[in-house]
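Here is the structure we will look at.
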Amino acid sequence: MGRIIGKLAIATIAFAAGITWAIIAEANDAGVPLTSLIGL
């Protein structure tokens, strides 16, 4: 059971990271500076 949950967690994190990266790449293409996205 723990193994399945571990794999699910890794898959979820990888999926979320992929979405985040896609959003950042889109914003970069649109000319939005990364710092404004992050809020620094």
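Figures for the structure shown
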item: Options ALA9, ALA22, ALA27, ALA16; residue that is modelled with pLDDT of 85 or more and over 12 Å from the mean Cα position of the chain (by Cα); result: ALA9
item: Conditions (1) more than 16 Å from the chain's Cα centre (by Cα); (2) modelled with pLDDT of 90 or more; (3) surrounded by 10 or more Cβ atoms within 10 Å (Cβ to Cβ): number failed by ILE4; result: (3)
item: Count - residues of the stretch 3-30 that are touching a Leu at 6+ places or on another chain (Cβ under 9 Å) and of a type outside the set (A, V, I, L, M, F, W, C); result: 1
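The values are calculated or read from the model by the stated rules, or taken from the named source; none is laboratory data. In this text, all values refer to a predicted model and were calculated from it rather than measured experimentally. Every residue, glycine as well, gets a Cβ built from its backbone with ideal geometry; the counts of neighbours run over all protein chains shown.
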